[in-house]
1. Multiplying the sequence separation of residue 15 and residue 139 by 0.36 nm and subtracting their Cα-Cα distance, what value in nm do you get?
2. Rolling a 1.4 angstrom probe over the protein heavy atoms, how many square angstrom per residue are accessible across segment 194-251?
3. Report ³J(HN,Hα) in whole Hz for each residue of segment 221-238, in order, from the Karplus equation J = 6.51 cos²θ - 1.76 cosθ + 1.60 where θ = phi - 60°; Gly and Pro get x.
4. Report the Stokes-Einstein translational diffusion coefficient (µm² s⁻¹, integer) for segment 1-135, Rh taken as the Kirkwood radius over Cα pairs, at 20 °C with viscosity 1.002 mPa s.
5. Per-residue accessible area for residue 193 at 1.4 Å probe radius, Å² rounded to 10?
6. Contour minus end-to-end for residue 247 and residue 70, with contour as 0.36 nm per residue of separation and end-to-end as the Cα-Cα distance?
7. For a protection proxy built on the mean count of beta-carbon atoms within 10 angstrom, sort 138-144, 255-261, 163-169, 88-94 highest first, please.
8. Within segment 1-135, what whole-number % of the accessible surface is contributed by carbon and sulfur, with the 1.4 Å probe and all protein chains included in the calculation?
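The values are calculated or read from the model by the stated rules, or taken from the named source; none is laboratory data. Fair warning: this is a prediction, and the values are worked out from it, not measured in the lab. Here Cβ is always computed from backbone atoms with ideal geometry, including for glycine, and neighbour counts include all displayed protein chains. Ligands, DNA and RNA are stripped out before the accessible areas are found, and what is left, the full protein with its side chains, is counted by its heavy atoms. Shrake-Rupley method; radii C 1.70, N 1.55, O 1.52, S 1.80 Å.
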Amino acid sequence: MKLNMSKMIFISMIFVSSFISLSMNNWFSMWIIMEISLFMFIPLMSKNKISDQSMKYFIIQSISSYLFIFSIIMNSMNEMYINNPLTLLSLMLKIGMPPFHIWKPEIMSKLPWMECLLLTTLIKIPPMILINKLISFKMLMIPLLITLIIGSLSGLNQLNLKKMMAFSSIFNLPWMSSAFLISKKIMLTFLIFYIMLNFKLMNLFKLNNLNYLNQLNFLPLKTKMTMNLNMLSMSGLPPLLGFFPKWMILNELIKTLMILPSIMILTSMISMFMYIQINYLHMSNFSLKKKNFKNNTAKSFSILNLMVFPMMLIFWM
């Protein structure tokens, strides 16, 4: 009981601190919120008897925090608060943006699914806000392009589902960053849909005790179809739920520049190819064994996945 209660407190603190950061303008307050999230997340890692991973995560996050504070002190001395390369480097290391991304798949591969969900969604919100407030879009352009290419290509040869979700999270960083830059409406839409899709997919993996791709062969057909639909939605395949926020981002970005939206579309096609290939391999050899699974929940989310895009399109128009 005590263990569950403390876990609830840690998760609720991460949740609250991440969403409070959406309404803050002070960099020092944002830094405090990032540290609160860090110190709430480490006990969740330590409870699962993976202390080496929690130590690695703590060291990486501590280095990035020291670099961030040092860069802010340098900025205050020079009276220049934006576009410091050291600030960008520290925040890229904190969220696992390439070329500082190697720690993220390795740590996620040994975490439980719910901790993976926190690491890929809520914990990266405050650093993303700081990146978009302290760094100009021109300076972000090259890191975003590198992230898109590495995130899409690195997921092609993964057999571990947790590593695959880590590279999916890395691939979605430029989309999230662009949403933060465009408007609050698009940012909130993208965040809600992204968190919802991640939660549903990782919850399915947790319920069925899945860690590797070949384990999908032994699932019932309905469960497999629900997972495949969620994977395709994560990649942004129209007319699924995940396509709508990405379509909004592209619609706004294409008005100002062409390079980034073009690379976004090309790399999304690569990630779609990866998911479609997985779907083909597992749907061609499905198992009809019955397992305990909440079919009503899966069915309702599948309908939501298919119907939300037309409804949101009507609302947006």
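1. Fully extending the segment from residue 15 to residue 139 adds 41.7 nm.
2. 35 Å²
3. After applying 6.51 cos²θ - 1.76 cosθ + 1.60, I find 4, 5, 5, 5, 5, 5, 5, 5, 5, 5, 4, 5, 5, 4, 7, x, 6, x Hz.
4. This corresponds to a translational diffusion coefficient of 140 µm²/s.
5. The accessible area comes out at roughly 20 Å².
6. On the way: separation 177, 0.36 × 177 = 63.72 nm, distance 3.81 nm.
Net length gain for the segment: 59.9 nm.
7. 163-169, 88-94, 138-144, 255-261
8. Carbon with sulfur: 74 percent of the solvent-accessible area.
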